[in-house]
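Novice: Before we start, here is the structure in question, set down as structure tokens.
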Amino acid sequence: MSTRIPLPYTPKVLELFRSPKNAGPMEDADVVESAGSPACGDMIRLYLKVSERDGEEVIERATFESYGCAANIAAASILTELVVGKSMREAWRISWKDVADELGGLPPIKYHCSILAVGALKRAVRSYYGKVGRRPDWLPEDLTIEERQTLEEEKMIERLYSGQGFRIAIALPRSGSSGQGA
Amino acid sequence: MSVGELLRVHGKPPREVYFDLENSGYVPREVVEEMIPYFNSVGYGHPSITHKPGWEAYEVVHETKELLSRVLNAGGLGEFAIVHSGTEANNLAVLGHALANRERRGKILVSAVEHLSVIHPAELAERLFGFRVLRVPVDGEGFVDPEVLRELVDRDTSLVSIQMVNHEIGTIQMISELSRIVKEVNPSTVFHTDAADAFGRVPIDLRELEHVDMLTISSHKIHGPRGVGVLFVREGLRLEPVLRGQLSSERLWPGVENVPLIAGFRKAVELAFDGFEWHVSKTRELRDALVRGILERVADVLINGPSDFSKRAPDNANLSFLYVEGEALTVELSLHGVYVSSGSACTSRILEPSHVLLAIGRRHEEAHGSILLKTSRYHTVEDVEYAVEVFPKAVARLRSISAARA
């Protein structure tokens, strides 16, 4: 096994892992965005249903799908709860730290789970305004910290596959057929 | 964070089955009872001091080595250094060899799937003393190809370390043949084998394994207490202690011998070898039923390691459940009372999946979904049936919310 680290999850993480809220795809979503990848071992897909209320876009419903550890599932779940009923402008202000705090804290090595969840949210917000063809003045052009970190994690796996950074032994092509050392 | 709160929320599942014997496990009552007197009523002295409690302590150390010598057929072949873990035994083998041979240096060959307690000391020997570490590749089931090894060994090869049974995927290496090949090419190369996952599972005869110079054993891998490891060192081998301090009955490891734990280890060895064949066949039957049961009920599962189970340790099962992440699956199974571990990056410090699974060519997403289970004679048919019932439910729930479905 790889080098291990204790992961004393908070009761909230375990509860949401056991009974996640808003899990599953959404058929009539206005926007769907993902962050991470199966190769990273971490991936969140976020579905948002947005409606207009008093001239503002409000997140009416949010669901998620997750491929990841217990913290990843819990972070995605709490994020959907946090954004529902919020305007897009308010949702944009949610940070990875807010998500971690709502979970009662995360082990530092699992911060990237809440970063990924918020990364997916920020991508979804951008994607929504991309679709409607308008950028509100509160939406910056520069990537947020969560979006940058999400990109970083997605790129890391490419580096792993290209053999940089880590020393990964590659099985040599074999001359014989099965050759199980008999 | 309160771990107590986490445990309260987790609750006690209706039934509990522990299959994470790779990472440590329970110690049976008879082993625990064997240890208790040595804390306070007998043998609590220092084994190298001349008084009765000291001699009583020495008796435990001495008798343990005699027992090991019998079960491994090692009479007169060398010594058994008792250290405090399998990790320490592997460190003593690799770094002890490097210290003793630091003037000549040369190459250290380790298989790509070795335990990190072999790989990391080898890399330290490279940094500290200028040895060159080469990783011997393995095939898709974890086997070292004897002919590849023959090509890699040369006159400059100082040490070769290849484990007898892989700790994650159960591959049984042909150590007799591999060690013979190494000595054929270079008789002065030292051959070490980490047998922590072979001891008590596959027969080991050190008289037959004449080319094996060092062999590692770990107590907690055979239901003994944690905190005891053993390194067999063949007579005449040059090895230097790694830790320095007051030597006692051990020539190669300083410090006071942990006699109660050694007494427990001795008992665990007795139990493992009393009816060895029966234990192995029971373990194998349970493992086979477990794997068969899971594969019958869950789709999209890969077997990691030898598919021919006769070439695999009798206790080992390693399965990759596609579209789910292994750490989440360990938590989900835990909530049902089935305790296992994963080679996923999510359980690790550096977010890198198991080097063993990568070395056999598994893709990252396949390694992330891996689950390692080990059976033993202490499991029952009902334990296996319960796990076989729980696995499909656990996998199905996580797949139902997975962002990585096909």
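Coordinate-derived values only; no laboratory data. Since the structure is predicted, the reported quantities are computational estimates derived from the model, not experimental observations. Methodologically, a virtual Cβ is constructed for each residue, glycine included, from the backbone with ideal geometry; neighbour enumeration extends over all protein chains shown.
Novice: Taking chain A as the reference, fit the longest principal axis to its C-alpha atoms, fit the long axis of helix A:70-83 to the helix C-alpha atoms, and give the angle between the two in degrees, 0 to 90, nearest 10.
Specialist: 10 degrees
Novice: Ok, one more. Cα extents of chain B along the three principal axes, largest first, in whole Å?
Specialist: 62, 56, 44
Novice: Let me ask you something else. Quick check on chain B: helices-only [θ] at 222 nm, where DSSP H runs of length 4 and up contribute -39,500 (n - 2.57) each and the sum goes over total residues. Nearest 500, please.
Specialist: It comes out at -12500 deg cm²/dmol, rounded to the nearest 500.
Novice: Name the residue farthest towards the positive end of the dipole of region B:29-98 from the options B:Ala81, B:Thr64, B:Pro53, assuming +1 on Cβ of Lys and Arg, -1 on Cβ of Asp and Glu, about the Cα centre.
Specialist: The residue sitting most towards the positive pole is B:Ala81.
Novice: Also, I was wondering about something else. Might you report the magnitude of the Cβ-based charge dipole of the protein assembly as shown about its Cα centre, with Lys and Arg at +1 and Asp and Glu at -1, to the nearest 20 debye?
Specialist: With only Lys, Arg, Asp and Glu charged at Cβ, the dipole is about 520 debye.
Novice: Taking a cut-off of 20 Å, what percent of all Cα-Cα pairs in region A:1-96 are separated by more than that?
Specialist: Value for region A:1-96: 42 percent of Cα pairs lie more than 20 Å apart.
Novice: If you don't mind, another one. Please report the spacing between the Cα centers of region A:26-40 and region B:35-54 in Å, no decimals.
Specialist: Their Cα centres are 64 Å away from one another.
Novice: Okay, moving on. Could you name the lysines whose alpha carbon sits less than 29 Å from that of A:Lys12, not counting residues in the same chain fewer than 8 places away?
Specialist: A:Lys21, A:Lys49, A:Lys86, A:Lys97, A:Lys110, A:Lys122, B:Lys12, B:Lys393
Novice: Of A:Leu46, A:Val83, A:Gln149, which is farthest along the charge dipole of region A:33-161 in the positive direction, counting Lys and Arg as +1 and Asp and Glu as -1 at C-beta?
Specialist: Ranked along the dipole, the leading option is A:Leu46.
Novice: Give the dimensionless ratio obtained when the Cα radius of gyration of the protein assembly as shown is divided by 2.2 N^0.38 Å.
Specialist: Its radius of gyration relative to the 2.2 N^0.38 Å reference: 1.07.
Novice: Describe numerically, in nm with one decimal, the distance between label points set 7 Å from Cα along Cα→Cβ at B:Val202 and at A:Arg148.
Specialist: That separation, rounded to one decimal, is 5.1 nm.
Novice: Along the positive direction of the dipole of region B:179-238 (beta-carbon charges: Lys, Arg +1; Asp, Glu -1; about the Cα centre), which of B:Ser179, B:Ser219, B:Leu209 reaches farthest?
Specialist: With unit charges placed on the Cβ atoms, the residue in question is B:Ser219.
Novice: With just the Cα atoms of region B:57-167, tell me how far they stretch along each of the three principal axes, in Å, largest first.
Specialist: In descending order, the Cα extents are 45, 35, 24 Å.
Novice: Taking 0.36 nm per intervening residue step and subtracting the Cα-Cα distance, what contour gain separates B:Arg292 from B:Val32 on full extension?
Specialist: Fully extending the segment from B:Arg292 to B:Val32 adds 90.2 nm.
Novice: Mind giving me the FRET efficiency for A:Arg134 and A:Glu27? R0 is 35 Å, r the Cβ-Cβ distance, nearest 0.05 is fine.
Specialist: Once rounded, the FRET efficiency stands at 0.90.
Novice: Can you list the GluC sites (Glu not before Pro) in region B:92-130 that are in a DSSP coil and have 10 or fewer other beta carbons within 10 angstrom?
Specialist: Those satisfying the criteria are B:Glu103.
Novice: Relative to the Cα centre, what is the charge dipole magnitude of chain A, using +1 at the beta carbon of each Lys and Arg, -1 at the beta carbon of each Asp and Glu, and rounding to the nearest 20 debye?
Specialist: It works out to roughly 700 debye.
Novice: Something else: For chain A, what is the calculated [θ] at 222 nm in deg cm²/dmol (nearest 500), taking -39500 (n - 2.57) for each run of four or more DSSP H residues and dividing by its residue count? Don't jump to the answer; show the numbers that get you there.
Specialist: Details: 6 runs with 73 residues, N = 182.
Mean residue ellipticity, 222 nm, calculated: -12500 deg cm²/dmol.
Novice: If you don't mind, another one. List the trypsin sites (Lys or Arg not before Pro) within region B:1-67 that DSSP assigns to loop and that have no more than 16 neighbouring Cβ atoms inside 10 Å.
Specialist: When the trypsin sites (Lys or Arg not before Pro) of region B:1-67 are filtered for loop state and at most 16 Cβ neighbours within 10 Å, B:Arg15 remain.
Novice: With a length cut of 18 Å (Cα positions projected on each helix's long axis) and a Kyte-Doolittle mean of at least -0.5, go through chain B and give me the DSSP H helices that pass. Mind showing how you got there, number by number?
Specialist: Working: long enough: B:52-71 (28 Å, -0.66); B:86-100 (20 Å, 0.51); B:116-129 (19 Å, 0.67); B:259-273 (21 Å, 1.17); B:276-297 (32 Å, -0.59); B:381-400 (29 Å, 0.12).
Taking the DSSP H segments of chain B (at least 18 Å long, mean hydropathy at least -0.5), we get B:86-100, B:116-129, B:259-273, B:381-400.
Novice: Now a separate question. Tell me, in nm to one decimal, what length is gained between B:Glu277 and B:Asp300 on full extension, where the rule is 0.36 nm per residue of separation less the Cα-Cα distance? Write out the running numbers ahead of the final one.
Specialist: Working: separation 23, 0.36 × 23 = 8.28 nm, distance 3.39 nm.
Residue separation times 0.36 nm, minus the Cα-Cα distance, leaves 4.9 nm.
Novice: Cα centroids of region B:370-399 and region B:259-282: how far apart, whole angstrom?
Specialist: That distance is 25 Å.
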